[in-house]
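The values are calculated or read from the model by the stated rules, or taken from the named source; none is laboratory data. None of the values given here were measured: they were computed from a predicted structure. Reconstructed Cβ throughout: ideal geometry from the backbone, glycine too, with neighbour counts over all protein chains shown. These accessible areas exclude ligands, DNA and RNA; they are computed on the full protein's heavy atoms, side chains included. Shrake-Rupley method; radii C 1.70, N 1.55, O 1.52, S 1.80 Å.
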Amino acid sequence: MKKSFFAIAMSSVLLASSCAKTAQRDVNDDFDYKVDRFADIEVLRYKVPDFDSLTVNQKALVYYLTEAALWGRDILWDQNYVNNLAIRDLLEGVYTNYKGDKENADFKAFETYIKQVWFGNGIHHHYSTDKFIPTFSREFFTEQIAELPEGMIPANADELVEVIFNPGIAAKRVNQAAGQDLIATSANNFYESGVTQNEVEKYYASIKKADDSTPISYGLNTRIRKADGKIVEEPYRLGGLYGDAIAHIVENLDSASNYAENNAQRAIIRSLIDFYTTGDLKTFDEYSILWAEDTDSQVDFINGFIESYGDPLGMKGSWESIVNFKNIPASERTETLSANAQWFEDNSPVDSIFKKKEVKGVSAKVITAAILAGDAYPSTPIGINLPNANWIRAAHGSKSVTLENITQAYDAASHGNGFNEEFVIDAETSQLLDDYLFITDNLHTDLHECLGHGSGRLLPGVDPDALKVHGSTIEEARADLFALYYLADPKLVEIGLLDNPEAYKAEYYKYILNGLMTQLMRIEPGKDVEEAHMRNRKLIAEWAYEHGKDANVIELINRDGKTFVKINDYEALRGLFGKLLAEIQRIRSTGDYEAATNLVETYAVKVDPSLHKEILDRYAGLDIAPYKGFVNPVYTPVRDENGRITDVTISYPENYVEQMLRYSKNYSGIKH
Ligand code: ZN
């Protein structure tokens, strides 16, 4: 599970904290964070501090893991939509062969479009999952195609042009609209066209074993198609679907295993290779257990079919990889939380029958990302908690990470963007955010990932997928509420993570402001809130606003036609968070689908159109991109005459276009 970045509210108000345990900003930082800006996107660059402090072996390990990461890129593109790779080839062909005037309006619009497609890993927006609407003319595009050298014009060029320009084709990658056939109406490529939701649900119901206490992650690594009218699963594996790309991943994992830091890590890599070789989900569970239990290695990685946000049924894993190494000083913070995990579980406001008697192996660390790939690129989460299988988490623990060099880059890039002046109610609150938002936001991520997701238990016999389409929203709300509730607890001051008992107010203010208002800048006029993390934040903020109305806990103040959030009673707000946490945990523990639906539909989906318009207008004056993402650094191995790596250098030479074109050229792993 990932905690997405609070794109705006957080990045724009972060400032150095006075707390010694968090990262301090380098005031003389002349690193060039800003890379590109187009449509609703800003592309940044992140630093990999301390890469040079790794040993040669660790650097070589990182190098091969980053290669294994980059080779998976096309898997994700193909999972996202069946024509994505062919369309990318066509767009890149036109882009690199263009000989005309680069100031031409059609060309400029085309350039924006190709940048959007790269960012979305396909023709759908990475977040809204709506298909991009081209603003260049169809004539311009077909003329450019006609001018391509022979051999570069695909046989189905007309069909691809129609897909790009006809808004009725593949309109949405992940459709969550209640009452519709979510599979038939979603354009993703996890299910062959023609397959219905009903057929898929029946199929999985028929193969899931009853009373299985260690269920595999059904369907995680397969594409569904129909053969002779029957549902069949095609596994992603060596020799199977995506076998070519997987062969490159395996080759690099194999090289990486030669540089493993220890035997446990070598066994993890071998086990992942086994999984890619067989496609057997039992092997994936064995791998996940080894991975969750390795807390000694400094270098770590995610590589595979992991998160299921791209599937409206929440089963199919989108390919992703993040290679990272532990930030040892900053990890002191999360280690302190982990060491107290049982205390947090025991003292939460949740009904004791839904608590874990024993919280096992909650491991948490602050990491430095070395490469972002697949579904974690260019847009990336700032916190991750894996593995996702509930029974593995319960029996073997889970690993939780905060990507601090990423939050640091967001922070550094956001200075002076005018957000506070526009949206924060008064100077006193702005000061509070300046002083404490960086540390409390990082702590919120830590609490969410290393305690929130790991807390609580399902009652025996409850299907982990019982909340269906609302599962992700409820799960994220559970982790967020756990974090919010405890941010205000004196325990954090007692264990030395905060130096001021009032610090939590910074995160509370930002959370409510974001949930009620500012996150709406990511939504197009007239649209609903759909993404699980956004729904979760809206659910929590709207619920707290509504249930605190009688006591005037949160107030919306109108000043010269502008709406401001005012929090009158922070302690009461904490009480509301605790109350909602208890209810959300009950819903999760008992699989109460009806209550989940009711909460989501009442608070998390519908947008007030006039407030929405006001927010979009206010943002328009600031020119802050609603979404941010990153280009990766470049790693170059230095080898001796036997080919053995003697060093790996890191550099940051590429802009966004250069990186995308290089990845397409060098890591094109799937025939299409
Ligand atoms: Zn989460």
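The table that follows gives values for the structure above.
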quantity: Two-decimal log10 I(q)/I(0) for the chain, as the Debye equation yields it once each C-alpha is a single scatterer, q = 0.06, 0.07, 0.08, 0.09 Å⁻¹; calculated: -0.31, -0.43, -0.58, -0.75
quantity: Charge tally in the Cβ shell below 12 Å around Leu576, where Lys, Arg are +1 and Asp, Glu are -1, Leu576 excluded; calculated: -3
quantity: Contact order relative to length of the chain, as percent, for alpha carbon pairs under 8 angstrom and 6 or more apart; calculated: 21
quantity: Accessible surface, per residue, of the chain when the full set of protein chains is kept, probe 1.4 Å, Å²; calculated: 37
quantity: Neighbour net charge for Glu201 - beta-carbon separation under 13 angstrom, K R +1, D E -1; calculated: -2
quantity: Listed residues Glu251, Glu421, Glu42, Glu583 arranged by accessible area, highest first, probe 1.4 Å; calculated: Glu421, Glu251, Glu583, Glu42
quantity: Carbon and sulfur %, accessible surface of segment 74-216 computed with the full protein complex present, 1.4 Å; calculated: 50
quantity: Qualifying trypsin sites (Lys or Arg not before Pro) for segment 583-640 [loop in DSSP, other Cβ within 10 Å: at most 13]; calculated: Lys606
quantity: Accessible area of segment 438-493 belonging to carbon and sulfur atoms, whole % at 1.4 Å probe; calculated: 55
quantity: Portion, in percent, of the accessible area of segment 585-659 that falls on carbon or sulfur, probe 1.4 Å; calculated: 50
quantity: Directionally averaged projected area (convex hull, Cα atoms, segment 260-408), nm²; calculated: 10.0
quantity: Environment charge of Thr135, counting only residues whose C-beta is closer than 15 Å and scoring Lys/Arg +1, Asp/Glu -1; calculated: -2
